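Data first, discussion second: the structure below is written as structure tokens.
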Protein chains: 2
Amino acid sequence: MTTFRALHAPGSMLLLPNAWDYASAAALTAAGFPAIGTTSLGVAAANGLPDGEGRARVETVALARLLVRLPAMITVDIEAGFSEDPNEVATLTAELAALGAAGINLEDGRPAGTLADPARQADLIAAARSGAPDLFINARVDTFWLNQATSETQSRAHRYLAAGADGIFVPGLTDENLLRDLLSTMDAPLNLLYSPHWHPVDHLAELGVRRVSTGSLLFRAALDAAISTATAIRANAPIPSNPPSYAEIQHLATLIHL
Amino acid sequence: MTTFRALHAPGSMLLLPNAWDYASAAALTAAGFPAIGTTSLGVAAANGLPDGEGRARVETVALARLLVRLPAMITVDIEAGFSEDPNEVATLTAELAALGAAGINLEDGRPAGTLADPARQADLIAAARSGAPDLFINARVDTFWLNQATSETQSRAHRYLAAGADGIFVPGLTDENLLRDLLSTMDAPLNLLYSPHWHPVDHLAELGVRRVSTGSLLFRAALDAAISTATAIRANAPIPSNPPSYAEIQHLATLIHL
């Protein structure tokens, strides 16, 4: 059986779509994606909470509990761990691993757009590892995402790997020269965030990127389609898409791993 | 202040979009819709449950609790009431009214595609009314939806109105002559389900339809957009839409009624 870690082997690239509820994860599984991530923006917004402020722990675990029923590998975005207390983060990763999750994302961005002290973030990563020895820990370096301290990207990545991370995620990195530099210093899998800038995505695989995730993009595209459909009807205009039928969606609720 | 009931006044037509989570309801509110319904298919599927089997009571109430924070009137699809016990249905409508919901949908379709006995359904509607004197009760007649006993549509509608319903919802009705017949016998608001067949929707207002709802359409369009985006990226193709930004979606979580 292929493991989640094996999907990040050198020479391969995992395209990881991010879901926000059971239906989106089930539909992505049905579309043939072997592994599904979650989007913390989507999970928070779906539940009326802001993203990145550590307020969606209950909702995040509840969603993980649903998604592990699917015939897909599940990796869970836990923002910054929902606590600055390493023991709490270890408890959370142990809980997720026990549910059957294959991985997590843990970010060094903090509320109000600040960056964590890298030594403290390394402690959180070590705690996450101590709670779940086999979980794939994808350590997010938010220097480009928050557009600050970008010169620390490599040192943070290496520090987080030394603390027990399996891979590094640098959302917002869109400069190919900086990407090549970073890849040249790393043996561990590097994850980038998809953006139209990186189209076509196969080019990232050629460069050596081993995971590309969609972040909140699918969630945002979904909301956009819903609103565009409603406002088209209001304007007496044709609706913009031909979505799946009621029966097709109802079927997704039964797509449960035995 | 306009009440939800007033939006169904003779000569007016309420276009009611249906949401499945906080984000979709908030985005529809931000798009200017004064009232938002829920879609039981969406709520069930988002939570890994089948629709129409009475299994999503907890999730339905939890969502209502979030949506009443929005600056919009909220009407909640409660399937068939999640119980055959009228006392349970009265308890549910009382709970929803206390939360601040403006209305409910209550259907006479039952699991496995059967229709409820109309006398028993009238008892459930009377119970829903007894639990919540001011709630707008939209009684769904599923004869066309389930394609059976369509000749009973008018008699069911009148029976449900006599039992305390405020309006009648006949999803699946797409024959204009049958629609005119039904409208000619009813003073109460009639709700139809949007379908491309009824495009442009203003024509339904001219005929005298006083509510058009979107059912699961927006949810299905949303899922379709998410999957189309993910599979386009996988195929190295351009993504099909230009969705709202991270910041715009994050803002929705703060769109909370004071």
Checklist line | Label zone at residue A:99 (point 7 Å along Cα-to-Cβ), backbone N below 16 Å, the range A:26-47 | finding: A:26, A:36-47
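Partner chain Cβ atoms within 10 Å, averaged over the residues of A:239-250 - can you pull that number for me?
Taking the mean over all residues of the peptide, I get 6.
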Checklist line | Per residue accessible area of chain B, 1.4 Å probe, in Å² | finding: 38
Note to self: Given Cβ point charges of +1 (Lys, Arg) and -1 (Asp, Glu) and nothing else, what value in debye, to the nearest 20, does the dipole of chain B about its Cα centre take?
What the structure shows: 440
Check: When each copy gets a label point 7 Å from Cα toward the beta-carbon at residue B:148, what are the spacings between them in nm, shortest first?
Finding: 6.3
Check: Once the whole set of protein chains is in place, how much accessible area is left on residue A:150, using a 1.4 Å probe, in Å² to the nearest 10?
Finding: 60
Check: For the residue pair residue A:158 and residue B:5, what label-to-label distance in nm results when each label sits 7 Å from Cα along the Cα-to-beta-carbon direction?
Finding: 7.3
Next item on the list: Over both sides of the A-B contact, add up the buried accessible area with a 1.4 Å probe and give it to the nearest 100 Å².
Entry: 5100
Note to self: Please report the carbon-and-sulfur percent of the accessible area for chain A; probe 1.4 Å, protein heavy atoms only, DNA, RNA and ligands left out.
What the structure shows: 53
Next item on the list: Provide an ascending nm list, one decimal, of label-point separations from residue A:57 to the equivalent residue in each further copy; define each label point as 7 Å from Cα along Cα→Cβ.
Entry: 3.1
Notebook entry, point to check: Of B:251, B:162, B:235, which is farthest on the positive side of the dipole of the range B:132-251, counting Cα position, with +1 on Lys and Arg Cβ, -1 on Asp and Glu Cβ, and the Cα centre as origin?
Noted result: B:235
Check: How well do other chains shield peptide B:45-57, expressed as the mean number of their Cβ atoms within 10 Å of each residue Cβ?
Finding: 5
Check: Using +1 on the beta carbon of Lys and Arg, -1 on that of Asp and Glu, and nothing else charged, what's the dipole of the protein assembly as shown about the Cα centre, debye to 20?
Finding: 100
Next item on the list: Please name which of A:52, A:67, A:36 has its Cα lying farthest along the dipole of the range A:28-80 towards the positive end, using unit charges on Cβ (Lys, Arg +1; Asp, Glu -1) and the Cα centre as origin.
Entry: A:67
Note to self: Cut-off 10 angstrom, C-alpha nodes, Gaussian network model of chain B. Which of B:119, B:102, B:157 fluctuates the most?
What the structure shows: B:119
Note to self: How high is the relative contact order of the range A:110-258? Use alpha-carbon pairs under 8 Å, at least six apart in sequence, and give a whole percent.
What the structure shows: 15
Next item on the list: Distance between Cα centroids, the range B:61-94 to the range A:101-142: provide it in whole Å.
Entry: 39
Next item on the list: Quick one: with label points 7 Å out along Cα→Cβ, list the inter-copy distances for residue A:98 in nm, shortest first?
Entry: 3.4
Notebook entry, point to check: For the range B:1-91, which chymotrypsin sites (Phe, Trp or Tyr not before Pro) are both in a DSSP coil and crowded by at most 15 other Cβ atoms within 10 Å?
Noted result: none
Notebook entry, point to check: Per residue in the range A:176-209, which ones lose no less than 10 Å² of accessible surface when going from chain alone to all protein chains (1.4 Å probe)?
Noted result: A:194, A:196, A:199, A:200, A:201, A:202
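The values are calculated or read from the model by the stated rules, or taken from the named source; none is laboratory data. Everything numeric here is computed off the predicted structure, so don't read it as measured data. No Cβ is skipped: glycine too gets one built from the backbone with ideal geometry, and neighbour counts run over all protein chains shown. Accessible surface is based on the protein model in full, side chains and every heavy atom, while ligands, DNA and RNA are left aside. Shrake-Rupley method; radii C 1.70, N 1.55, O 1.52, S 1.80 Å.
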